[in-house]
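K.L.:
The structure follows.
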Amino acid sequence: MNFFILRRGQKLGPYPDGAIEEMSASGELKAGDLVCYEGEQNWQPVSRFLEHRQQRAEAGGAEAGGAQADVADVASAPVPSKTTFLRRSVEEMDEATLTDAEREVIAGGRFLVFEHCWSLLISFKHTTKPILMRAGEDSFGQAFRHSLISCCFGWWGIPGPVWVISTIRHNARGGRDATLETLTRQVGHARAAAACAQHQTSAPPSGSMRALGLMMTGLSLALWLSIGWLVWAVAQGHIGEPARGPGTAEFELADRRVTEAQEGNMLGGTLKDIELAYSFAQTFGDAYLAEARARPEAAVAGTNAPVFTTFCEVHQDRVIFLVRVPGLQKASAAIRRQLADRAWNATSVALTKQRAGFTGLRVALGVRSAGKYDQVLAGRYVRDFEINNTGLKIRSEGPRSKAKLYPFFVPLEQLESLKD
């Protein structure tokens, strides 16, 4: 006669009757296993099953009918109350014997556990108490609720992002089935296992649960990308104001004049500064128009007499140009870079025309849109400007690039004091 094993709600077998001793000796049988002969509903712990089997073996010399009667008598002998119900099928049990939880599980219900996490500086993971999902009920609401908590509050600690992904994945799969362990705490392992054995098959995950998995996966990916962008933006200097230093106040004063001036104004502290600003604006305007006609996508400020607000400040050993280009923020990175190169070329041409350039003169150029700085270029004045000899030494891009201009605005006497 073959027998079956019930282990954590799963029915294993059948196994030949003679294998029970060998399986017990080798440790294949576990302490919580229940055993039953094929065709019967009399589930018993392993020790009691072996005891009854031994009794059958000792009664083996009797007639078949008498032996069967003896076995039936032994099987129906009183046992501890914890396993009394195992000798009968669920259909034969009195309704008063079953708890509400057992009835729900037999009808197809499940106890599910969900997870969420939240963070301060350190992340904390929380597992819910077992939640009863009756037969036919969808766990979407619970899964969505706890996944949303993780998405909103779980990222901001260590190891928050890892736990957010794991909890969302856990919940999107419908949570963890804790039916057997929950019933075991309420009615004992034997009764819990028997109820799980009679458990009707649950419905497959609904479309809403599958949609939740896709939605939460997409949201997690978006958050990861956002964090990556934030790290990149900080590293590239696109977030926050640069640290203040010598020359900051002087730069801010000049920059305020550029931002508040009307389009097309030439600004400077002296007549020489204004003449240089005007010469630079003319040269840069001509170069811009040529570029805009050749490449329409470069026409960020239009193609009819573009107006640039320019500023110039000349010191003994250096000169600074600031230019505000309308519509610059609309251009691609490649176009903005090319326009900055045209403006850099215009600085040398303007200095040569005004006979203000000399070997070793330091030149700085700030190119900005109406809202922020886009590029800063710095280097040395070159009279014979060539492609491979432009004098450009430094190029900085992004809003924080304006910090490269601060040192150029430091007055000469202050530089001397700093050296001392």
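K.L.:
Work out, step by step, the length gained on full extension between ARG383 and LYS353: first 0.36 nm times the residue separation, then minus their alpha carbon distance; give nm to one decimal.
P.N.:
Values: separation 30, 0.36 × 30 = 10.80 nm, distance 1.01 nm.
Length gained, ARG383 through LYS353: 9.8 nm.
K.L.:
Roughly how big is segment 102-233's charge dipole about its Cα centre, with Cβ charges of +1 (Lys, Arg) and -1 (Asp, Glu), in debye to the nearest 20? Before the final figure, lay out the partial values.
P.N.:
On the way: 12 positive and 7 negative charges, 17 e Å.
Roughly 80 debye, rounded to the nearest 20.
K.L.:
So, one more: Between ASP138 and THR99, what's the calculated FRET efficiency when r is the beta-carbon distance and R0 is 25 Å? Round to 0.05. Show your work: numbers first, answer last.
P.N.:
On the way: r = 24 Å, r/R0 = 0.97.
Step by step, r from the Cβ atoms, then E = 0.55.
K.L.:
A follow-up question, please. Give me the one-decimal nm value for the distance between modelled label points at MET1 and ALA261, 7 Å along each residue's Cα-to-Cβ direction.
P.N.:
Between MET1 and ALA261, the label points sit 10.6 nm apart.
K.L.:
Under a plain spin-label model, where a point goes 7 Å from the Cα along Cα-to-Cβ, how far apart in nm are LYS272 and ILE122?
P.N.:
6.6 nm
K.L.:
Considering only lysines 8 or more places apart in sequence, or on different chains, count the pairs in segment 248-419 whose C-alpha atoms sit under 22 Å apart.
P.N.:
On the way: LYS272/LYS353; LYS330/LYS372; LYS330/LYS402; LYS372/LYS402; LYS372/LYS404; LYS393/LYS402; LYS393/LYS404; LYS404/LYS419.
So the count of such lysine pairs works out to 8.
K.L.:
Between ALA370 and ALA243, what is the FRET efficiency for a Förster distance of 22 Å, r being their Cβ-Cβ separation, to the nearest 0.05? Write out the running numbers ahead of the final one.
P.N.:
On the way: r = 25 Å, r/R0 = 1.12.
For ALA370 and ALA243, the calculated efficiency is 0.35.
K.L.:
Charges only on Cβ, +1 for Lys and Arg, -1 for Asp and Glu: so what's the dipole of segment 248-419 about the Cα centre, in debye to the nearest 20? If you can, show how the numbers build up before the last one.
P.N.:
Working: 24 positive and 19 negative charges, 78 e Å.
That gives segment 248-419 a dipole magnitude of about 380 debye.
K.L.:
Then there is this: Just to be sure I understand: of the beta bridges DSSP finds with both ends in segment 220-361, what percent are antiparallel, rounded to 5? Kindly include the intermediate steps, with their values, before the conclusion.
P.N.:
Working: 6 of 9 bridges.
Within segment 220-361, antiparallel bridges account for around 65 percent of the total.
K.L.:
Taking the simple approach of a point 7 Å from Cα along Cα-to-Cβ for both ALA57 and ARG169, what is their distance in nm?
P.N.:
So the two model labels end up 4.9 nm from each other.
K.L.:
Test of understanding: what is the full-extension gain from SER332 to GLU21, defined as 0.36 nm times their sequence separation minus their Cα-Cα distance? Walk me through the numbers on the way to the answer.
P.N.:
On the way: separation 311, 0.36 × 311 = 111.96 nm, distance 7.93 nm.
Value of the extension gain: 104.0 nm.
K.L.:
Report the net charge of residues surrounding ARG134, where surrounding means a beta-carbon distance below 9 angstrom and charges are Lys +1, Arg +1, Asp -1, Glu -1. It would help to have the intermediate numbers written out before the result.
P.N.:
Numbers: positive: ARG110; negative: GLU104, GLU137.
Net charge in that neighbourhood comes out at -1.
K.L.:
Follow-up question, since we're still on this one. When you count, for each residue, the other Cβ atoms within 10 Å and take the mean per peptide, how do 342-352, 145-155, 37-47 rank with the highest first? Provide the component values of the computation, followed by the final result.
P.N.:
Numbers: 342-352: 22.6, 145-155: 19.7, 37-47: 17.2.
The peptides rank, most packed first, as 342-352, 145-155, 37-47.
K.L.:
Could you work out the local net charge near MET266, counting Lys and Arg as +1, Asp and Glu as -1, over the other residues with Cβ closer than 10 Å to its Cβ? Don't skip to the answer; put the middle values down first.
P.N.:
Details: positive: none; negative: ASP273, GLU275.
Once all neighbours under 10 Å are counted, the net charge is -2.
K.L.:
What is the Cα centroid distance between segment 294-314 and segment 330-371, reported in whole angstrom?
P.N.:
12 Å
Coordinate-derived values only; no laboratory data. Here the structure is a predicted model, which is why all the values come from computation and not from measurement. FYI the Cβ positions are ideal-geometry reconstructions off the backbone, even for glycines, and counts take in every protein chain you see.
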